[in-house]
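Working notes, structure below.
The values are calculated or read from the model by the stated rules, or taken from the named source; none is laboratory data. Source: prediction; values computed, not measured. No Cβ is skipped: glycine too gets one built from the backbone with ideal geometry, and neighbour counts run over all protein chains shown. Heads up: the accessible areas ignore ligands, DNA and RNA and are worked out on the full protein's heavy atoms, side chains in. Shrake-Rupley method; radii C 1.70, N 1.55, O 1.52, S 1.80 Å.
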Amino acid sequence: MKKLLAVLFVAFGTARMLDAQTPRDTMASVIRAGRMFDSEAGVFLPNREILVRGGIIVQVAERVDRPAGARVVDLSSYTVMPGLIDAHTHLLYLEQIGGNLTMEGVKALVNEGLPLRALHGAARARTFLDAGITTVRDLGNSGRFGDVALRQAIDDGSVDGPRMIVSGPGLSPIGGQFPGLKPGYEGLASDEYRIVRNAADAADAVRENVTMGARVIKIYSNNTPNLGYLSLEEMQAVVAAAKVHGVRVAAHATNDAAVYRAALAGVNSIEHGYEVADSTLALMARKGVTLTPTDIDSVSFRKYLKAQNPGAPEPPPVQVAGYLAQGRSRLMRALKAGVTITAGSDNYIDFKEPQGFAAKQVLLAYRADGMTVAQVLQAATINDARLLDMAGRIGVIKAGATADLIAVDGDPEQDFSAINRVKFVMKMGTVYVGRK
Ligand SMILES: [Zn+2]
């Protein structure tokens, strides 16, 4: 008897632990949306219903069929949008304000360690769902494939988080993004980046990463704050190998020469592109290379300055405005040149708030930069979906797409801060926020 009780206890204990994660929803749902963002047309439509079954959107209309047993989810006082996509995240890396990449990176490798980084990543993953971000493209700084482990845990349902498209270690020139490593310690960079020696090695690195579970390739056309760069031949070898495997290439590139070479090599997206010239933007537009402007919004930037200098007075508005103006000018020039904007936060700074929330603030930066509400939301839905090679499956509310849906309180067209009032989040038909 005693033995039996022990067995029962273990069984219940296990069940309780599994309950800590959100159980998958299997019943059909009819979602009543007060307003709905049509990401293909870039317009908000009043009073739509969405029928979801088996994790898929099966019908969108003013009134949809009501299968027997379907639950009705009343979101008629909210705006319903496709689940947001963040095309540039680092779930396994968060650095203290005022830290530098070398010291914080080494700390993550040797002090935090990969198992704990993955666990921290799991906790952060939930905050992305809470923020309404249902898919992320996670671009490295996750040690040796900690990102793949986290993605597997999310996919098997043991961790709540967004769908992850992960890169594994980014392909970088020697030194990675760790400037100042002394002779004998270069190996630290190889624990966080895949150091590339030549074109053949670059192609090898693509094969390695894909074999280990990467579904996108991240490269550093220039590896700021270090001084190295990948050659055109190396990046061409990466692009060719990636094509064979059917994966896309994202290039970190900050100065114009780095952007130019990466675009010429045929990468799919330029990350950052802070100093890109108009002529290079024209090349990107011609070749269909998108720009992910990882800009910061004014509130976060002020928070950053204050945290760097706790005792200092409020940063002068001119300092804040001057910094933000650079990003704005580049973003507006890109739009004018016809470059597609893809949304990505690159949030890896600890703002002492949930990382998913901090990441979403990049959309406020785009809005402040002068993009329309529809343009911003398209960047974070349909444009990102196309970049991820998932057009028609995510970033859109229509029959056949995956049921990734969010609802916000308010009308983002009138008041864009509504995107921070997330009341409902569904990923693949399972409700993570707003469960009744
Ligand atoms: Zn990044």
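Within region 269-292, being surrounded by fewer than 24 Cβ atoms within 10 Å (Cβ to Cβ) and within 18 Å of N223 (Cα to Cα) holds for Y274, E275. The set of residues from region 242-264 being open to solvent by less than 10 Å² (accessible area, probe 1.4 Å) and free of Cβ contacts under 8 Å to residues at least 60 places away in the same chain comprises A242, V249, A251, A253, A258, V259, A262, A263.
Scanning region 367-387 for residues that are assigned to a helix (DSSP H, G or I), surrounded by 21 or more Cβ atoms within 10 Å (Cβ to Cβ) and touching a residue at least 40 places away in the same chain (Cβ under 8 Å) yields D369, V373, V376, L377, Q378, A380, T381, I382, N383, D384, A385, L387.
From the list G356, G344, G338, the one residue that fits, being open to solvent by less than 10 Å² (accessible area, probe 1.4 Å) and in a loop (DSSP other than H, G, I, E, B), is G344. Reported count of residues in region 78-102, each being modelled with pLDDT of 95 or more, open to solvent by 20 Å² or more (accessible area, probe 1.4 Å) and assigned by TED's automatic domain parsing to the domain that holds T342, is 1. Total residues in region 92-134 satisfying the condition of being within 16 Å of the ligand (Cβ to nearest atom) and not aliphatic (A, V, I, L, M): the figure is 11. For region 48-64, name all the residues that are part of a strand (DSSP E or B) and out of contact with any strand residue (DSSP E or B) (no Cβ under 7 Å at 6 or more places or on another chain). Residue satisfying the conditions is R53 alone.
Got at least one residue in region 288-311 being farther than 27 Å from D350 by Cα, touching a residue at least 12 places away in the same chain (Cβ under 8 Å) and among the basic types (K, R)? No, region 288-311 has no match at all. All of A33, A41 fail the test of being in the same structural domain as G410 (by TED's automatic domain parsing) and either crowded, with 23+ Cβ neighbours inside 10 Å or not in a loop (DSSP other than H, G, I, E, B) (or both), apart from A33.
Among residues of region 44-69 that are closer than 22 Å to Q378 by Cβ and of a type in the set (S, T, N, Q), those with a Cβ under 9 angstrom from a residue that is assigned to a strand (DSSP E or B) and open to solvent by less than 30 Å² (accessible area, probe 1.4 Å), sequence gap 6+ or separate chain, pair up as N47/A33; N47/G34; N47/M36. For region 333-347, check the following and say yes or no: at least one residue is out of contact with any Ser or Thr (no Cβ under 7 Å at 6 or more places or on another chain), of a type in the set (D, E, K, R) and touching a residue at least 60 places away in the same chain (Cβ under 8 Å). The answer is no; no qualifying residue exists. Strands (runs of 3 or more DSSP E) fully within region 135-200 that include at least 2 residues being in contact (Cβ under 8 Å) with a residue 24 or more places away in the chain, open to solvent by less than 10 Å² (accessible area, probe 1.4 Å) and within 14 Å of the ligand (Cβ to nearest atom): 170-172. Would you check if there is a residue in region 414-429 being in a loop (DSSP other than H, G, I, E, B), outside the structural domain of V58 (by TED's automatic domain parsing) and of a type in the set (A, V, I, L, M, F, W, C)? No - not one qualifying residue is present in region 414-429.
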